[in-house]
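Following: one structure in structure tokens, then a few remarks.
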Amino acid sequence: MSIADRIIVTENVRNRLRRQAKHAVGPNPAYWLARIIPLIIVLCTVYLMRTVGQYPGSGFKLTVTMFGGFFLTCLSFGIFGGVWERQVDVKITELAKARKKIIEEQLRFYNSPEWGIIREQIIREQGRFCQECGREIKDDFDLTVDHIKPRSKFPEFALDASNLRVLCRSCNSIKGASYDVLGVTSEKQVN
């Protein structure tokens, strides 16, 4: 699924970006106008229908009032709802571009010769044993070198051997979304 400027994401990522964008844009004036104005039009239409319906021979006027109210309701919802949706779409594009930039930076770092050298050094020093669960890691796919203090929050420790440890993929995934530094839990980027 393409978003913008050759940014292709899965449907799950698109949905997550949409939720984040809706939260970031929030219920602004366009959002509220898209809900309040149609409600006012519906209430006015119902009032007019009751008023016009009291007179004999008012069937045609009643029909015109009903369809006019329906048309104005749809029109106002479309206009103001469309403004809000465009604001959300702009925010999705911004979030997707920021995500792409982060992914490209991660690829540059993890494909760099410096990372390759320090990663091999850590594996030689600590062996193929998970520092968390203690099991031997036989499969290369299962072997990860983890940043104790996340690289996203502490870039100065990205290549510091004292900040690196061998983990199995399972333990690295469990650690995944949080870390504890000085008793403060925060977001962690999985490497």
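The values are calculated or read from the model by the stated rules, or taken from the named source; none is laboratory data. Worth saying up front: this structure is predicted, and the values here are computed from it rather than measured. Positions of Cβ are generated from backbone atoms using ideal geometry, with glycine treated the same way; all protein chains shown enter the neighbour counts. Surface areas here come from the heavy atoms of the whole protein model, side chains and all, with no ligands, DNA or RNA. Shrake-Rupley method; radii C 1.70, N 1.55, O 1.52, S 1.80 Å.
Figures for the structure shown
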| read-out | value |
| --- | --- |
| Count - residues of the range 155-165 that are in contact with a Phe, Trp or Tyr (Cβ under 7 Å, 6 or more places away or on another chain) and part of a strand (DSSP E or B) | 0 |
| Residue in the range 168-182 that is assigned to a loop (DSSP other than H, G, I, E, B), open to solvent by 80 Å² or more (accessible area, probe 1.4 Å), modelled with pLDDT under 95 and in contact with a strand residue (DSSP E or B) (Cβ under 8 Å, 6 or more places away or on another chain) present | no |
| Matching option when the condition is open to solvent by 80 Å² or more (accessible area, probe 1.4 Å) and either more than 20 Å from Ile103 (Cβ to Cβ) or aromatic (Phe, Trp, Tyr) (or both), among Ile37, Ile79 | Ile79 |
| Residue check, Val25 hydrophobic (A, V, I, L, M, F, W, C) and either at pLDDT below 85 or under 30 Å from Ile103 (Cα atoms) (or both) | yes |
| Filtered residues of the range 40-58 (kept if small (Gly, Ala, Ser) and open to solvent by 60 Å² or more (accessible area, probe 1.4 Å)) | Gly57 |
| Every pair of residues 6+ apart whose Cβ atoms lie under 6 Å, when the first sits in the range 16-40 and is closer than 20 Å to Gly69 by Cα while the second is open to solvent by 80 Å² or more (accessible area, probe 1.4 Å) and not polar (S, T, N, Q) | Ala34/Phe77; Pro38/Phe77 |
| Among (1) buried (at least 17 other Cβ atoms within 10 Å of the Cβ); (2) of a type in the set (A, V, I, L, M); (3) modelled with pLDDT of 95 or more, the one test that Ile117 misses | (1) |
| Matching residues in the range 8-34 - criterion: being crowded, with 17+ Cβ neighbours inside 10 Å and assigned to a loop (DSSP other than H, G, I, E, B) | Val9 |
| Condition check for Lys91: modelled with pLDDT of 85 or more and either open to solvent by 80 Å² or more (accessible area, probe 1.4 Å) or closer than 30 Å to Asn12 by Cβ (or both) | yes |
| Subset of the range 121-154 [out of contact with any helix residue (DSSP H, G or I) (no Cβ under 6 Å at 6 or more places or on another chain), over 17 Å from Ser170 (Cβ atoms) and either part of a loop (DSSP other than H, G, I, E, B) or open to solvent by 90 Å² or more (accessible area, probe 1.4 Å) (or both)] | Arg124, Glu125, Gly127, Pro150, Arg151, Ser152, Lys153, Phe154 |
